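Report on one structure; see the data block that follows.
The values are calculated or read from the model by the stated rules, or taken from the named source; none is laboratory data. All values derive from a computational prediction rather than experimental measurement. Cβ: placed from backbone, ideal geometry, glycine included. Neighbour counts: every protein chain shown. Accessible surface is based on the protein model in full, side chains and every heavy atom, while ligands, DNA and RNA are left aside. Shrake-Rupley method; radii C 1.70, N 1.55, O 1.52, S 1.80 Å.
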Amino acid sequence: SQQGEEDPQALSIQEGENATMNCSYKTSINNLQWYRQNSGRGLVHLILIRSNEREKHSGRLRVTLDTSKKSSSLLITASRAADTASYFCATSRGGGGNKLTFGTGTQLKVEL
Amino acid sequence: EAGVAQSPRYKIIEKRQSVAFWCNPISGHATLYWYQQILGQGPKLLIQFQNNGVVDDSQLPKDRFSAERLKGVDSTLKIQPAKLEDSAVYLCASSRGGGAGILSYEQYFGPGTRLTVT
């Protein structure tokens with residue numbers, strides 16, 4: 001079953017603009033991860049935020065987590081055409097297994 | 001470091017036939033995962049191994065799907081017999097696992113095998 005749901009399902013922006021994607025989930029988590037998937041490089045890990053963290057940065061990526069609302073957002077600043085991809089949030093309850101439950105994804109298109 | 005290897009990349013079979021996928025994880029990664037990704041959806045975990053033991057196979061359709069990781073390194077996933085609804089991309093991933101801190105949680109994915117069942 002899909003734990004998370006991303007919003008919007010699809011997003012089209014111009015190069016240089018910021019892109020924001022949201023993820024909602026249903027159960028308590030240990031950490032939440034964002035992945036990018038495109039035809040060229042497959043599924044790639046972007047960033048991980050733990051349940052006791054509220055915000056995390058990595059290069060042009062900014063992730064926030066609100067455990068009280070069971071939601072997370074991914075902000076990509078100064079987007080580039082190469083950022084065109086599907087973005088998935090994935091939640092984990094942690095532990096030795098670290099089973100990931102993926103959301104439905106947001107398709108981002110960055111136009112020149 | 002070399003990434004996760006999978007083969008074949010593409011496979012077309014008729015329903016009721018059998019098929020097998022192979023995965024070689026990143027060297028030293030203790031945990032190996034098989035996911036099924038249907039077009040337009042996120043990946044769904046089928047089975048997870050820690051070394052050569054199964055950690056979670058709750059979403060594996062055991063009447064037709066099987067997987068093994070005999071020596072705790074590479075793994076095979078088999079479908080027998082295949083159904084039309086098995087058409088999907090099958091992704092293999094690995095992670096350090098073993099509780100090696102937060103880095104153990106990052107999963108590295110292979111390119112996947114695109115299966116079409118006709």
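Here are a few things to note about the model shown:
- Solvent-accessible area, 1.4 Å probe, carbon plus sulfur percent, for chain B: 50
- Exercise: per-residue mean of other protein chain Cβ atoms within 10 Å, A:100-111: 3
- Each peptide in A:52-62, B:5-15 gets a packing score, the mean of other Cβ atoms within 10 Å over its residues, and the list from highest to lowest is B:5-15, A:52-62.
- Given +1 at the Cβ of Lys and Arg, -1 at the Cβ of Asp and Glu and no other charges, the dipole of the protein assembly as shown around its Cα centre is 360 debye to the nearest 20.
- Cross-link reach list, lysines versus B:K44, counting only Cα pairs under 19 Å and skipping chain neighbours closer than eight places: A:K26, A:K99, B:K62, B:K78, B:K83
- Interface A:B - total buried accessible surface [probe 1.4 Å, Å², rounded to 100]: 1700
- Positive contributions from Lys and Arg (+1) and negative ones from Asp and Glu (-1), summed over other residues with Cβ under 10 Å from the Cβ of B:Y90, come out at +1.
- Spin-label model distance (nm) - A:A81 vs A:D7, 7 Å beyond Cα toward Cβ: 3.3
- In a simple Cβ point-charge model (Lys, Arg +1; Asp, Glu -1; nothing else charged), chain A has a dipole of about 420 debye relative to its Cα centre.
- Solvent-accessible surface (1.4 Å probe) assigned to B:D57 amounts to roughly 50 Å².
- Sorting the segments B:30-36, A:10-16 by their residues' average number of neighbouring beta-carbon atoms within 10 angstrom, most packed first, yields B:30-36, A:10-16.
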